[in-house]
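Enquirer: To start, I am sharing the structure in question, which I have written as structure tokens.
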Amino acid sequence: MAVSGAEASRQAWPGLLAVAGLLAAVGVLVYLVGRPLATDDLWWHLALGEVYADQGPWVEEDPLLHTSRDRPPIPHEWLFQVALHGALAQFGFHGLRILHVLAVLGILAWCFRIFRRALPDPAWAALATTALVVLSWYRLFQLRPELASLVAMLGLYVLLIERGTKPSWQAVTGSTLLLLLWANVHSLFAIGPALLVAALLGVGLRRLLANWLLNPDQRPAGDSALARRWLTALALGLLATLVNPRGFEQHTTFWLESASGNIWQIRDDFLPWNPLQAGPDVRALTFLSWWVAEALLLGWLITVGSAFVRLLRQRSKQALDELDTVHLGLSAAAFVAMAVAVRFHWMAIFPLLHLLRAAQRVRVNRPTVWPAASLAAAMLTLVLGLALPGAVQLDAFIREVAIEREGYFTNPWLDVRYGGPGVRFLEDTQLRGRLFHPFNVGGFLGYWLAPELRTFIDGRLDHVPSEVLRDYLKIRRTAQEGTPQQLKDLLDEWEIDIFFGMSFPETHYAEGHWITHLRRLTAWKLVFASEYHSVYLRKNSRNTRNFQRVSRYYRQQAMKFSATAGFDVDHAIRRRPGWAARQGLLPKNYQALVVRSTDPDPSVRSAALERLGRLYWQISAFDAGVKTERRLLELHPQEKASRWRLADALLQLGQPVEAHALASSLLLEDPSYKDIRILERIARRRASRVTESDDGA
């Protein structure tokens, strides 16, 4: 029957609207995927890839960490790491960004095609793909081996399961080779055999229901042949997966990681998804993704329940086919994985497929309702696509890139995020020893500095003893909320030589200021500072050569440094502001801030002084900070943040009596403000020494 041009146009509108919604979601994802490299684990993957490419997957000691040097690295993702290293050597860092974008676009295009084959309606295929983006965006925008696992999972499904008929021997051979590669690329390769088991259980359920409910002449034929071929594919695949550097140990990796308890201490997408209550407060599980997962589960339960009730009533082969037990098994397995951890929400592809296959039966059986269903799918896709930027807090990602000096397209990686200036300082000075640092920069530091400088921890939580993560969390907490003595004891216990501390404002990252207590310890000397991070070196005999290297570096730079006082930040910004700006010590708008700090308008002057005060405190420019805070307090005498910074700066400058007076008044006013109790206690103790010295004189 011919369709008029107006009718064809009307039928095309839902698909066009849905594709617009999908493109909006994909646009957000492409921005995140294509930004300067910011996957924390990428760096140790690259470092180990270089080692494995040179030495093979059997390495005697860890090349990066000082906390597990007696343990060789576990090569459970060695092939991915070698491939990543090869791609970097061939295409460079910007090439990795482009390859990542192409990989994600390819995955989404493949998913769209699979969805379209399940239900030949572009509006519903776009809706399913957009829902997948909403659920799995956090893993897709990271350059990790999960991308390879997603491709392998789709390949296994298309080769063996999608058609619903006995696969050919060529398909079985392809799946065997796929599992062989998968076992060497990612430790989550066990997803593949698990999905085959789920599909086999689906066939078994269909056979059981047929024998129970259907007459012999209605029972589906071919299940036995299909099950035997899948069993053969499973057996061959399991044998192939044994061909890896670790043999059978590779099959137990995920369970051993889970049993160690390390990964569950990180508030990331390792945390579980509980359908019965709002999800954990982690970025990976947004309010939008939580509701989409809830709606998906509810829709799936209603669909499965309705199909089962229909089967009980009709007891027909058609009703059994509509239950779709193979995809029922795949979907159930996917929901179990999704409940275990948010990181597995990309497996939502299977319940989405199950629902689309059910919707296709509605489309065939009730064509009159389908135009309205297509329009509803299109509108929902638009809603999801437009809601995604707010749900993932895209503005925070944009701000993160905005502080990079070279911008989105020029920066190869997020240099400020990883403390690039400090890393280059450590490279240039050729320091040696043991580092402590925030968790997220461990891989970056290891990639650029190991083996001369060994890191404390990185993303390989399966590779370090549990006490490493335990004490890392203690040091992090103590550096921000504890006492200087507690911090000193922990650093002494691990014989840390160099402390690489971040100092981001809360508007950028929630980690806080790592060096507040550290710089109150007389044994630790500032050797490098930038606006967002600092490097401290412990003053002891083991670091004598390191102090000599730093002294030589600053002599060459014509900057002021001594092993007793450390790096003189005030001298640098006063005498060499251009050099300080190039080192990341001063922001690009520093001179404009200085000018605005003398503006006749009190509000303009106040805002500039507040920004300068925070800057000077962060970079340890205490002389400049004291002058700035005094000017600010002339305008706002009760400003708590300024008084706290001034007290801390005076303490650092050896003026504990005035520091104690300020801290005491602030403690009386607000005992819970920042670490005012600790600051007051330290100032009181040092002020008493000064008083005793004066009395003795």
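For every residue, the table says whether it meets (1) of a type in the set (S, T, N, Q); (2) within 22 Å of the chain's Cα centre (by Cα); (3) closer than 22 Å to ALA333 by Cα; (4) outside the structural domain of ALA24 (by TED's automatic domain parsing).
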site	(1), (2), (3), (4)
LEU96	no, yes, no, no
ALA109	no, no, no, no
PRO120	no, no, no, no
LEU147	no, yes, yes, no
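Enquirer: Let me ask you something else. Could you list, ordered by first residue, the pairs with Cβ atoms under 6 Å in which the first is in the range 154-177 and buried (at least 17 other Cβ atoms within 10 Å of the Cβ) and the second is among the aromatic types (Phe, Trp, Tyr) and part of a helix (DSSP H, G or I), at least 6 apart or interchain?
Expert: Close Cβ pairs satisfying both conditions: LEU154/TRP110.
Enquirer: How about the range 531-559: which of its residues are over 16 Å from ILE498 (Cα atoms) and assigned to a loop (DSSP other than H, G, I, E, B)?
Expert: Of everything in the range 531-559, those that are over 16 Å from ILE498 (Cα atoms) and assigned to a loop (DSSP other than H, G, I, E, B) turn out to be GLU531, TYR532, GLN557, ALA558, MET559.
Enquirer: Within the bounds of the range 151-158, is there any residue that is aromatic (Phe, Trp, Tyr) and either closer than 24 Å to THR325 by Cα or not assigned by TED's automatic domain parsing to the domain that holds LEU226 (or both)?
Expert: Within the range 151-158 (the criterion being aromatic (Phe, Trp, Tyr) and either closer than 24 Å to THR325 by Cα or not assigned by TED's automatic domain parsing to the domain that holds LEU226 (or both)), the answer is yes, since at least one residue qualifies.
Enquirer: Does GLN591 satisfy the criteria of being touching a Pro at 6+ places or on another chain (Cβ under 8 Å), surrounded by fewer than 22 Cβ atoms within 10 Å (Cβ to Cβ) and more than 30 Å from PRO438 (Cα to Cα)?
Expert: Criteria met by GLN591.
Enquirer: Let me ask another. Against the definition (under 23 Å from GLN655 (Cα atoms), surrounded by 20 or more Cβ atoms within 10 Å (Cβ to Cβ) and under 35 Å from the mean Cα position of the chain (by Cα)), how does TYR536 come out, yes or no?
Expert: yes
Enquirer: Scanning for something closer than 26 Å to GLY654 by Cα, among the charged types (D, E, K, R), assigned to a loop (DSSP other than H, G, I, E, B) and more than 21 Å from the chain's Cα centre (by Cα), does the range 495-502 turn up at least one residue?
Expert: Within the range 495-502 (the criterion being closer than 26 Å to GLY654 by Cα, among the charged types (D, E, K, R), assigned to a loop (DSSP other than H, G, I, E, B) and more than 21 Å from the chain's Cα centre (by Cα)), the answer is yes, since at least one residue qualifies.
Enquirer: Further, regarding this structure: Cβ-Cβ under 7 Å, sequence separation 6+ or interchain: first residue in the range 282-303 and buried (at least 16 other Cβ atoms within 10 Å of the Cβ), partner of a type in the set (S, T, N, Q). Which pairs?
Expert: Listed by first residue and then by second, the contacts come to TRP300/SER331.
Enquirer: Here's something else I'd like to know. Kindly list the number of the only condition in (1) assigned to a helix (DSSP H, G or I); (2) free of Cβ contacts under 8 Å to residues at least 12 places away in the same chain that fails for VAL104.
Expert: (2)
Enquirer: Further question: So is ALA572 surrounded by 15 or more Cβ atoms within 10 Å (Cβ to Cβ), assigned to a helix (DSSP H, G or I) and without any contact (Cβ under 8 Å) to a residue 12 or more places away in the chain or not?
Expert: no
Enquirer: Of the numbered conditions (1) out of contact with any Ser or Thr (no Cβ under 9 Å at 6 or more places or on another chain); (2) farther than 22 Å from TRP524 by Cα; (3) part of a loop (DSSP other than H, G, I, E, B), TRP448 fails exactly one; give the number of that condition.
Expert: Result: TRP448 fails condition (3) only.
Enquirer: If TRP137 passes every condition in (1) of a type in the set (Phe, Trp, Tyr); (2) modelled with pLDDT under 95; (3) assigned to a helix (DSSP H, G or I) but one, which one does it miss?
Expert: So TRP137 meets the others, but not (2).
Enquirer: Of the numbered conditions (1) outside any helix (DSSP H, G or I); (2) over 22 Å from LEU180 (Cβ atoms), VAL243 satisfies every one except a single condition; which is it?
Expert: Here VAL243 clears every test but (2).
Enquirer: Working carefully through the options PRO371, PRO389, find the one that is at pLDDT below 95, surrounded by fewer than 18 Cβ atoms within 10 Å (Cβ to Cβ), in a helix (DSSP H, G or I) and not basic (Lys, Arg).
Expert: Exactly one of PRO371, PRO389 is at pLDDT below 95, surrounded by fewer than 18 Cβ atoms within 10 Å (Cβ to Cβ), in a helix (DSSP H, G or I) and not basic (Lys, Arg), namely PRO371.
Enquirer: Go through the range 399-414 and give me each residue that's touching a residue at least 60 places away in the same chain (Cβ under 8 Å) and hydrophobic (A, V, I, L, M, F, W, C). If you could, list the steps in order and put the result at the bottom.
Expert: Quick first cut of the range 399-414, residues touching a residue at least 60 places away in the same chain (Cβ under 8 Å) only: 399-401, 403-405, 408, 411-414.
Residues satisfying the conditions are VAL401, ILE403, TRP413, LEU414.
Enquirer: State whether the residues of the range 421-434 include one that is modelled with pLDDT under 95 and either on the phi > 0 side of the Ramachandran plot or part of a loop (DSSP other than H, G, I, E, B) (or both).
Expert: no
Enquirer: If SER541 meets every condition in (1) over 31 Å from the mean Cα position of the chain (by Cα); (2) crowded, with 22+ Cβ neighbours inside 10 Å apart from one, which number is that one?
Expert: Going through the list (1) over 31 Å from the mean Cα position of the chain (by Cα); (2) crowded, with 22+ Cβ neighbours inside 10 Å, SER541 breaks only (2).
Listed here are the residues, each with its yes/no results for (1) surrounded by fewer than 17 Cβ atoms within 10 Å (Cβ to Cβ); (2) in a loop (DSSP other than H, G, I, E, B).
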site: TRP13; (1), (2): yes, no
site: ALA20; (1), (2): yes, no
site: LEU23; (1), (2): yes, no
site: GLU50; (1), (2): no, no
site: PRO63; (1), (2): no, yes
site: PRO75; (1), (2): no, yes
site: PHE80; (1), (2): no, no
site: PHE91; (1), (2): yes, no
site: HIS94; (1), (2): yes, no
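Enquirer: Shifting gears a bit: Output the qualifying pairs, or none if there are none: Cβ atoms under 6 angstrom, residues six or more apart or on different chains, first residue in the range 357-386 and within 20 Å of LEU29 (Cα to Cα), second residue part of a helix (DSSP H, G or I) and β-branched (Val, Ile, Thr).
Expert: Between residues of the range 357-386 that are within 20 Å of LEU29 (Cα to Cα) and residues that are part of a helix (DSSP H, G or I) and β-branched (Val, Ile, Thr), the close pairs are THR381/THR130; LEU384/THR130; LEU384/VAL134; GLY385/THR130.
Listed here are the residues, each with its yes/no results for (1) surrounded by fewer than 23 Cβ atoms within 10 Å (Cβ to Cβ); (2) of a type in the set (A, V, I, L, M, F, W, C); (3) out of contact with any Cys (no Cβ under 6 Å at 6 or more places or on another chain); (4) in the same structural domain as HIS76 (by TED's automatic domain parsing).
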position: GLY446; (1), (2), (3), (4): no, no, yes, no
position: ALA450; (1), (2), (3), (4): yes, yes, yes, no
position: LEU453; (1), (2), (3), (4): no, yes, yes, no
position: PHE528; (1), (2), (3), (4): no, yes, yes, no
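Enquirer: Another question, if that's okay. Could you say whether any residue in the range 113-136 is farther than 30 Å from VAL326 by Cβ, out of contact with any strand residue (DSSP E or B) (no Cβ under 8 Å at 6 or more places or on another chain) and surrounded by fewer than 22 Cβ atoms within 10 Å (Cβ to Cβ)?
Expert: no
The values are calculated or read from the model by the stated rules, or taken from the named source; none is laboratory data. Everything quoted here is computed from the prediction, not taken from an experiment. Counting neighbours? That spans all protein chains shown, and the Cβs are built from the backbone with ideal geometry, glycine included.
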